[in-house]
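Just below is one structure, and these are the notes that go with it.
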Amino acid sequence: MSDGSPQSPQLPQSPQSPDDGFNYIMLSDVHLGSDIIPHQRPWALTSWLLEAHEIDARLVSWLDHYRLNRDQDRPWRLIIAGDFLDLVGVSISVPAGLRTPPTAEEQRHGLGSAADHVVHKVTAIAARHASVFRALGRFVAAGHALVIVRGNHDIELYWREAQRALVEAILAKEPARSHRQLSSRVVIQPWFFAVDGLLYVEHGHEFDPLCSYGDPLASTCVRDPQRIRWTPFSLLLRYVARPTRGLSSASYSYRGMSAYIGLLAQLGVRGSLGIAGRYLRASYCLLSECVLNAGSAARQRTLAARAGLGRFARRSGVKQERLEHLCALYVPPAVQRFGFMARSLYLDRIVSGLGAACGFVLALLFLGYVGVISALASAISAALLLGYTIVGSGQNSSPQATMLSNAARIGALFGARWVVMGHTHEPILQPVSESASYINLGSWGEDDPPDERTTRRNDAGTFLVLRRRADAFLAELMRWDEQHRPLLLSRSEDQHALQPGRPSLPARLA
């Protein structure tokens, strides 16, 4: 590897079997770096420390266990199905000497998504979670392979500089003379990992309109190609959730309006005015993006996306037609639909709430000066508007159902027995057709400080083991418990997993 960048592994020589010689272990949503938020949350400097140590220790023990325990003398291929790093959530003050000058927004919110900014964040994460990176290095040095699929939290691994920094951090403690050989076992996938006839793995954020980029290969900003473009999730996290004490990073999308009313009551007048200003600024940015997507920039992006699929197809050997069918399953990004975006931001409910307030005021005025009938009509209208404000239009919900419903189509498209995703933090193993099962890997980490989460979860540390058994593969969804041992949650076996099919290992990012 002449330039230090990760290389794709060699494809198996025989095109007749989807077995590439590995057993597989898979996890998702580790969110390393979500605890590095001093720029916007200085009050959270210590709240993570104990839990971050516990999560790291559990992950290290898991990696060491599988490093030392091969199954039937087959090496493991570890697949991290997205959100390994929480790059979008890192909030570090801008240091001096960056090649890319910081914008006013980055001065306000912390390091941005330009390549050199991302390298700095990767380096900070590796230093904070050094034990995990050392364990990954030992795992690769023992003859196993590592695949890191990008998710929406680590979409900034788009940059080759950031990829190299990540690989170098993983191998930092291994002998320098072996780095070239070991780096060939580390692959950073831009989109998905698949072995035809057996397995398909992606993060799943393209099924979530608030996290979707619309083009899984190109995520840069049209107006500033040096930076990654915003999604509603990433911008609201940066502008609203991170600076607001007590607001979960997922609160904007998976909670009702009544929860926000309660939050405003807790924040008081000054805090409410502060979050209102940040929310309006974020809303303006996102609605402006909707307007931009409605113009010529959207058409240019569509043409660029098609060209990108062509290049990816040529590098990976996956037919472009198949990639186009896969893209057709994804939901349109929220920023491509003005009305949807407005409802996702609860702007319809905010307007209806203001209308309700005005209606009740008018009812009081009508009662004194116009008459009872007019006052009653105004009060009823106001009550209806208030009801809509509280109940809302239900635009925002977990994408788990959408991911589940499309798993069977993906399984048919790739001949995959198991379709594996992450993103939702909800572990699932469920058959979706006679020949395919959907697996959600759940999560290992969290992206909120322990004392600021809305719920406590007891199912973290879930993972999938996929291993060869005679002429078939066996899939086991498991949990690595607090005593550092695997607990079986669910099992899926298929006697027909090894049907003829060409292994497909998509190329890394250009």
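Since every read-out is calculated from the coordinates, none of them should be taken as a lab result. This one's a predicted model, so the numbers in the text were calculated from it and none came from an experiment. Cβ: placed from backbone, ideal geometry, glycine included. Neighbour counts: every protein chain shown.
Which order do the peptides 279-291, 90-102 take when ranked by the mean count of other beta-carbon atoms within 10 Å per residue, highest first? Walk me through the numbers on the way to the answer.
Values: 279-291: 17.2, 90-102: 14.5.
Highest mean packing first, the order is 279-291, 90-102.
Between ARG227 and residues 5 or more places away or on another chain, which pairs have amide H atoms under 5 Å apart, with H built 1.01 Å from N, and which residues are they?
CYS221
Which of the peptides 480-491, 178-189, 317-328 is most tightly packed, and how do the rest follow, judged by the mean count of other Cβ atoms within 10 Å per residue? Mind showing how you got there, number by number?
Working: 480-491: 12.9, 178-189: 19.4, 317-328: 15.5.
Output ranking for 480-491, 178-189, 317-328: 178-189, 317-328, 480-491.
Per 0.36 nm of contour for each residue apart, how much would the distance between ALA172 and GLN72 grow if the chain were fully extended, relative to their Cα-Cα spacing?
Taking ALA172 through GLN72 to full extension adds about 33.0 nm, to one decimal.
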